[in-house]
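Student: Please find one structure pasted underneath; my questions will follow.
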Amino acid sequence: TSSFIVAIDGPAASGKGTLARRLAATLGFAHLDTGALYRAVGLTLLRTGHAPDDAVAATAAAQGLDAATVLPLMNDPALRQDAVAVAASKVSVVPEVRAALLDFQRNFANHPPGGAKGAVLDGRDVGTVVCPDAPAKLYVTADVEVRARRRLSELRNTGAEAIYEAVLEDMKVRDARDSQRAVAPLKPAVDAFLLDTSMMDAEQAFVAATDFIRSRP
Ligand code: C5P
């Protein structure tokens, strides 16, 4: 297809979501937060009283997701809860769940909604598995302590009580689960542009990413 695909991967709270939204808005591209798909599966399990590590129920939930059910869910604040993030990281190790979500993601990338000329997808395996031929791949990361600080202030901004040590520990557990799973582990694509935002603010990350994308064919 002729859709220009920007693939952005990286760990939690690396700044990839903020970057992806801003790039999409600037380029006039469609944006897909692929983590929201895994969160939607996790949320479905929690709401139907299934354990988040119930692989059979997770597979059924993933197979039941389509654009009509997923797109309205994307803006549901329930998706952002920590319990849902944990459930998402558990369902995401199930190969059948990943397979069920693959078509949706590829279709979005190749045929962006609204007739956009391109799509920005952010997640863990966009550049490695979902869109391995994307012309522009970025791997956004930051030191785990920096990411825990960012997550802590996000949580406090929403009025939640949070303790730095607990947030840091959660972050390490989720990093380990995402990078050590057998199927589509979190890792940079060999041809990804590495963007370490440990010492950058959102503006500096945006400028660096834009320069890189402009250099791509
Ligand atoms: O990015 P976000 O924190 O919303 O992702 C939630 C979880 O979904 C991640 O911890 C990861 O386990 C999973 N995920 C994934 N592949 C993606 C996006 C997210 O496995 N492409």
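The values are calculated or read from the model by the stated rules, or taken from the named source; none is laboratory data. What you are looking at is a predicted structure, and each value in this text was computed from that prediction instead of being measured. Positions of Cβ are backbone-derived with ideal geometry, glycine not excepted, and every protein chain shown enters the neighbour counts. Side chains are part of the model used for accessible areas, which takes the heavy atoms of the whole protein and leaves out ligands, DNA and RNA. Shrake-Rupley method; radii C 1.70, N 1.55, O 1.52, S 1.80 Å.
Student: Obtain the nm distance between the two label points defined at ASP103 and THR48 by a simple spin-label model: each point lies 7 Å from its Cα along the Cα-to-C-beta direction.
Tutor: 1.8
Student: While we're looking at this one, here's another question. Using 0.36 nm times the number of residues separating ALA78 and VAL190, minus their current alpha carbon distance, what extension gain do you get? Don't jump to the answer; show the numbers that get you there.
Tutor: Values: separation 112, 0.36 × 112 = 40.32 nm, distance 3.48 nm.
Between ALA78 and VAL190, full extension yields an extra 36.8 nm.
Student: To continue, here is another question. What's the FRET efficiency of ALA166 with HIS111 using the Cβ-Cβ distance as r and R₀ = 45 Å, to the nearest 0.05? Write down the numbers at each step before the final one.
Tutor: Working: r = 42 Å, r/R0 = 0.93.
After rounding to 0.05, the efficiency reads 0.60.
Student: Considering only protein heavy atoms, with the full assembly of protein chains and a 1.4 angstrom probe, order THR141, THR197 by accessible area, largest first. Spell out each step's value before the answer.
Tutor: Working: THR141 40, THR197 5 Å².
The most accessible residue leads, giving THR141, THR197.
Student: Rounded if a/c is under 1.5, else prolate if a/b beats b/c, else oblate: with a ≥ b ≥ c from the C-alpha gyration tensor eigenvalues square-rooted, which is the stretch 107-217? All intermediate terms of the calculation are to be shown ahead of the outcome.
Tutor: Details: a/c = 1.85, a/b = 1.57, b/c = 1.18.
Prolate, since a/c reaches 1.5 and a/b exceeds b/c.
Student: Tell me the label-point distance for the pair GLN63, THR158, using the 7 Å Cα-to-Cβ offset, in nm and rounded to one decimal.
Tutor: 3.1
Student: If you don't mind, there's one more thing I want to ask. Averaging sequence separations of C-alpha pairs under 8 Å and six or more residues apart, then dividing by the length of the stretch 1-108, give the relative contact order as a whole percent. Spell out each step's value before the answer.
Tutor: Numbers: 90 pairs, mean separation 32.2, N = 108.
Relative contact order for the stretch 1-108 comes out at 30 percent.
Student: Heavy atoms only, probe 1.4 Å: what % of the accessible area of the chain goes to carbon and sulfur, would you let me know?
Tutor: Numbers: 5830 of 10490 Å².
The nonpolar share, carbon plus sulfur, comes to 56 percent.
Student: Kindly identify the chain as rounded, prolate or oblate by the Cα gyration tensor criterion: order the square roots of the eigenvalues as a ≥ b ≥ c, call it rounded if a/c is under 1.5, otherwise compare a/b with b/c, prolate if a/b is larger, else oblate. Before the final figure, lay out each step's value.
Tutor: Values: a/c = 1.59, a/b = 1.12, b/c = 1.42.
Oblate, since a/c reaches 1.5 and b/c is not below a/b.
Student: Still on this structure, please answer the following. Counting only heavy atoms of the protein chains, get the accessible area per residue of the stretch 136-201 (1.4 Å probe) and round it to a whole Å² value.
Tutor: Numbers: 3870 Å² over 66 residues.
With all protein chains present, the stretch 136-201 gives 59 Å² per residue.
Student: Go through LYS16, LYS187 and list them by solvent-accessible area, largest first, probe radius 1.4 Å. Let's see the in-between values first.
Tutor: On the way: LYS16 20, LYS187 105 Å².
Result of the area sort, largest leading: LYS187, LYS16.
Student: Cut-off 10 angstrom, C-alpha nodes, Gaussian network model of the chain. Which of PRO188, PRO11, PRO132 fluctuates the most?
Tutor: Of PRO188, PRO11, PRO132, the most mobile in the Gaussian network model is PRO132.
Student: Hand me the GluC sites (Glu not before Pro) from the stretch 101-162 located in a DSSP loop with no more than 10 other Cβ atoms within 10 Å, in residue order please. Walk me through the numbers on the way to the answer.
Tutor: Working: sites: GLU145, GLU154, GLU161; in loops: GLU161.
Filter output for the stretch 101-162: GLU161.
Student: Right, next: Take the Cα pairs of the stretch 70-147, get the Kirkwood Rh, then feed it into Stokes-Einstein at 25 °C and 0.890 mPa s and tell me D in µm²/s. Could the numbers behind the result be given before it?
Tutor: Working: Rh = 14.6 Å.
Approximately 168 µm²/s, per Stokes-Einstein.
Student: Over the heavy atoms of ASP66, what accessible area does a 1.4 Å probe trace out, to the nearest 10 Å²?
Tutor: 70
Student: Treating cross-link reach as a plain straight distance, find the lysines whose alpha-carbon is under 17 Å from the alpha-carbon of LYS16, omitting any fewer than eight places away in the same chain.
Tutor: Straight-distance partners of LYS16: LYS137, LYS187.
Student: Have a look at ALA162, ALA60, ALA83 and tell me which one the Gaussian network model of the chain (Cα, springs below 10 Å) gives the largest fluctuation.
Tutor: Among ALA162, ALA60, ALA83, the largest GNM mean-square fluctuation belongs to ALA162.
Student: Compare ALA36, ALA12, ALA55 in a GNM of the chain, Cα atoms joined below 10 Å, and give the one with the largest fluctuation.
Tutor: Sorting by GNM fluctuation, first place goes to ALA55.
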